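Student: Submitted below is the structure of interest, expressed as structure tokens.
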Amino acid sequence: MTVSFEQSDPHSQVVESKNQCELVLDGGFLVPNSGGFDAPDINAFGHTFRDYDVESERQKQVEEFYKMNHINQTYDFVKRMREEYKKLDKLEMSIWECCELLNEVVDDSDPDLDEPQIEHLLQTAEAIRKDYPNEDWLHLTALIHDLGKVLLLPRFGELPQWAVVGDTHPLGCAFDESIVHHKYFNESPDSNNPAYQSKNGIYPEGCGLDNVMISWGHDDYMYLVAKENGTTLPQAGLFIIRYHSFYPLHRAGAYKHLMNEEDVENLKWLQIFNKYDLYSKSKVCVDVEKVKPYYLSLIEKYFPEKLRW
């Protein structure tokens, strides 16, 4: 993959855009030259980000996705998925090999982008790298945060989209109204279980998110892969991987009553990360070969050469 404009300097250069000069980071990712990443106003489709109500074919597809997600993501389903995938018996491969597999994946739940997922990973990582050059663990966390989406592929079980992507939420307690397309929970079997209908549900207040059953998907799977393979990423990195799709928490402030003190500290990093995860999505492709050596060095630092998946 290459950038769509001329680049003579292997590191960075200034190019003219319609409104201002922009800095081209390694690999061709454009960042405003104001000294930091500037969140754009519109997504790749010309709409505001995460607008689930605007009329379009993409939005209809996204709403249908969330209907299936809310009906089928039950407490018992998530429990079964965690038990099955914690075995990590699908195959062995490196982190970078998994990154390349994401060329085959497009996320049906995303209202903002329909590009292969490896583009999103690199766009997020490069934007964070610009603003936080000394936090290399955060660059790597950004690169790998969505690798769990390989669950969509045949060799990983070819799970349906509603069981892999999309916003996540707790099971075993009341569904907060901030959850996107909340109305479809009326058709969930868990809505008929009296034990799950209160604010705390089956959980003690302040129990810690590690003790809460969160809807199954790529977040929880990649967290299991990283943890069980002995990564040396800091706890904040693992927290970001596990809860970056938990939008009711880090965007709406829901379910904070279930958090413990460690969760509160880690949430600060997740909220920093979220800006880049959400707003770096664009049609500007990163030149993979130019940034690859840097990310391979981080993978070697924080992960074993081969991982069980």
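Student: Given the Cα-Cα distance of LEU88 and ALA174 and 0.36 nm per residue of separation, how much length would full extension add, in nm?
Tutor: My answer for the length gained is 27.9 nm.
Student: Applying a 10 Å radius around every beta-carbon, put 285-295, 67-77 in order of their mean neighbour count, most first.
Tutor: 67-77, 285-295
Student: By per-residue mean of other Cβ atoms within 10 Å, what is the highest-first order of 86-98, 150-162?
Tutor: Most protected by this proxy first, the peptides run 150-162, 86-98.
Student: Could you tell me the calculated FRET efficiency between LYS183 and GLU205, based on Cβ-Cβ distance and R0 = 22 angstrom, to the nearest 0.05?
Tutor: Here the calculated transfer efficiency is 0.20.
Student: Starting from the Cα of ASP76, step 7 Å along the direction of its Cβ; do the same at ALA195; then give the gap between the two resulting points in nm.
Tutor: In this crude label model, ASP76 to ALA195 measures out at 1.2 nm.
Student: Per residue, how large is the accessible surface of region 130-279? Use a 1.4 angstrom probe and give square angstrom.
Tutor: 37 Å²
Student: Put a dot 7 Å past each Cα toward the Cβ at GLU104 and GLU158; how far apart are the dots in nm?
Tutor: Distance between the two pseudo-spin positions: 1.0 nm.
Student: With label points built 7 Å along Cα→Cβ from the Cα atoms of GLU300 and GLU262, find their separation and express it in nm.
Tutor: 3.1 nm
Student: Let me ask something additional. Taking all protein chains in place and a 1.4 Å probe, what share, in percent, of the accessible surface of region 165-283 do carbon and sulfur account for?
Tutor: 46 percent
The values are calculated or read from the model by the stated rules, or taken from the named source; none is laboratory data. These figures come from a predicted structure and were not determined experimentally. Every residue, glycine as well, gets a Cβ built from its backbone with ideal geometry; the counts of neighbours run over all protein chains shown. Surface accessibility is based on the protein's heavy atoms, side chains included, excluding ligands, DNA and RNA. Shrake-Rupley method; radii C 1.70, N 1.55, O 1.52, S 1.80 Å.
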